[in-house]
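Asker: Once you've had a glance at the structure underneath, I'll fire off some questions.
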Amino acid sequence: MTATLVSYLEKNQDRAKIFTVGQFLEDHITANWDVILTEKKARLEHAFAVAGEPSYATYLNYLYQNIHSQLKDAGLRVSTRLPGDMEISREWGTNPAETDQYRCMWSTLYEHETDEALGTIVTVLPHDHTQFRVPIKPPVFALAETTKDEVVATLSNRYAAYDFANLPEFHVYIAQLRGRSKNQ
């Protein structure tokens, strides 16, 4: 990434800050998503072999590694460390083999000094449950909405084809799985 978030914000003062940050993150993801996959391939594949799906959190940590300090330098903070709150994330897939999965996470962006909510940063992680694989660039985008209900409503419209509104939050999904395993 050549520009810092501070310089990017200075050059784009005519645009709402949340959308400028969203574009900055989109540019960052575009420049780095596959580089990290290549550079960290052995480590990520090993993590998947040992832990499974949590290895994708490692990938996302690499992807967002230098972003948090840039947010701080720009006088911004997020409600939950990017890419977002795993507990309220939602996942869907397009096939029974679970080789084409998507997890949607988000975090609200705030002005650090005033605590004013600016909007929400959304990250969608395309992934595979059978092997470590991120087949395409993870979409990242900004929303003007700031409350959980508003964000869920907007994402429900955007991802209506996947019945986003009725997908369980991660913590609910895990509780359901635990309940099923106790009954077996």
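The values are calculated or read from the model by the stated rules, or taken from the named source; none is laboratory data. Source: prediction; values computed, not measured. No Cβ is skipped: glycine too gets one built from the backbone with ideal geometry, and neighbour counts run over all protein chains shown.
Asker: Could you tell me whether residue 19 is assigned to a helix (DSSP H, G or I) and surrounded by fewer than 20 Cβ atoms within 10 Å (Cβ to Cβ)?
Answerer: Yes: the conditions hold for residue 19.
Asker: So if I check each of 146, 123, 154, 130, which one is among the hydroxyl-bearing types (Ser, Thr, Tyr), at pLDDT 95 or above and closer than 25 Å to residue 31 by Cα?
Answerer: On inspection, the qualifying residue turns out to be 123.
Asker: Turning to a different aspect of this structure: Specify which of the listed residues (53, 87) is touching a residue at least 40 places away in the same chain (Cβ under 8 Å), acidic (Asp, Glu) and either in contact with a strand residue (DSSP E or B) (Cβ under 8 Å, 6 or more places away or on another chain) or under 19 Å from residue 119 (Cβ atoms) (or both).
Answerer: Within the list 53, 87, the selection yields 53.
Asker: Could I ask something else about it? Only residues in region 56-68 that are without any contact (Cβ under 8 Å) to a residue 24 or more places away in the chain count as the first member; pair them with residues that are of a type in the set (A, V, I, L, M, F, W, C), Cβ under 6 angstrom, at least 6 apart or cross-chain, and list the lot.
Answerer: Here the result reads 58/47; 64/82, each pair linking region 56-68 to a residue that is of a type in the set (A, V, I, L, M, F, W, C).
Residue by residue, here is whether (1) in contact with a helix residue (DSSP H, G or I) (Cβ under 7 Å, 6 or more places away or on another chain); (2) among the hydroxyl-bearing types (Ser, Thr, Tyr); (3) buried (at least 17 other Cβ atoms within 10 Å of the Cβ) holds:
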| residue | (1), (2), (3) |
| --- | --- |
| 104 | yes, no, yes |
| 112 | no, no, no |
| 136 | no, no, no |
| 167 | no, no, yes |
